[in-house]
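The values are calculated or read from the model by the stated rules, or taken from the named source; none is laboratory data. Owing to the predicted nature of the structure, the values given are computational and were not obtained by experimental measurement. Every residue, glycine as well, gets a Cβ built from its backbone with ideal geometry; the counts of neighbours run over all protein chains shown. Ligands, DNA and RNA are stripped out before the accessible areas are found, and what is left, the full protein with its side chains, is counted by its heavy atoms. Shrake-Rupley method; radii C 1.70, N 1.55, O 1.52, S 1.80 Å.
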Amino acid sequence: MDVLQSDLFFDSIDVDAIRQSRDQVCVMVARATAGLSRDRIADSMTDLGCTTSKAMIDAWASPSHTGHNLPFYLVAAFETSCRTTQLTDWLVNLRGGLACYGEEALRREVAAELAALEVERSEFTRRITALRNKMRNI
């Protein structure tokens, strides 16, 4: 489902943060891979259908390799292989949002359903009360 956003949402992006984002992504890639085998990460990403090499990951983590940023379409495989959501969280935060995963996401969904159910219950209660009032007046 497409959700239309107001111009205010799109006009409020932090341009300075965007300008610095390439270096930030490099730092996040380096942090996500710290203490892990980049060969294993590359193998895992390849197993996920995203052919990757250690050299590619090394380049993504290096601010000096300006032409080798982590491609957006590989972020999910990269994060899965590193068992992190750091890049997704960063992007969502940059856009003014908040991401939630797993049990937290399910709890929020349950809370939203319960809130919707409460609204429906209130409407049914109002309609039943109106019908009972009509019955008293007959």
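Taking the 1.4 Å solvent-accessible surface of the chain as the whole, the part contributed by carbon and sulfur is 57%. With helices as the sole contributors, the chain gives -20500 deg cm²/dmol at 222 nm; each DSSP H run of n ≥ 4 counts as -39500 (n - 2.57), and the sum is divided by every residue.
Please return the longest stretch of the chain lacking exposed loop sites, where trypsin sites (Lys or Arg not before Pro) count only if DSSP places them in a loop and at most 16 other Cβ atoms lie within 10 Å. Between the exposed loop sites, the longest stretch runs 1-82.
Using a Förster radius of 30 Å, what is the FRET efficiency between Leu114 and Ala30 based on their Cβ-Cβ separation? Nearest 0.05, please.
Working: r = 42 Å, r/R0 = 1.40.
Calculated transfer efficiency: 0.10.
If you average 1/r across every pair of different Cα atoms in the chain and take the reciprocal, what Kirkwood value do you get, in Å?
18.9
Rounded to the nearest 10 degrees, what's the angle between the helix 21-33 long axis and the longest principal axis of the chain, both from Cα atoms, 0 to 90? The answer is roughly 80 degrees.
So which chymotrypsin sites (Phe, Trp or Tyr not before Pro) in region 42-138 end up in coil per DSSP with only 14 or fewer other C-beta atoms within 10 Å? Display every interim value, and only then the final one.
Working: sites: Trp60, Phe72, Tyr73, Phe78, Trp90, Tyr101, Phe124; in loops: Tyr101.
Listed in order of number, the matching sites are Tyr101.
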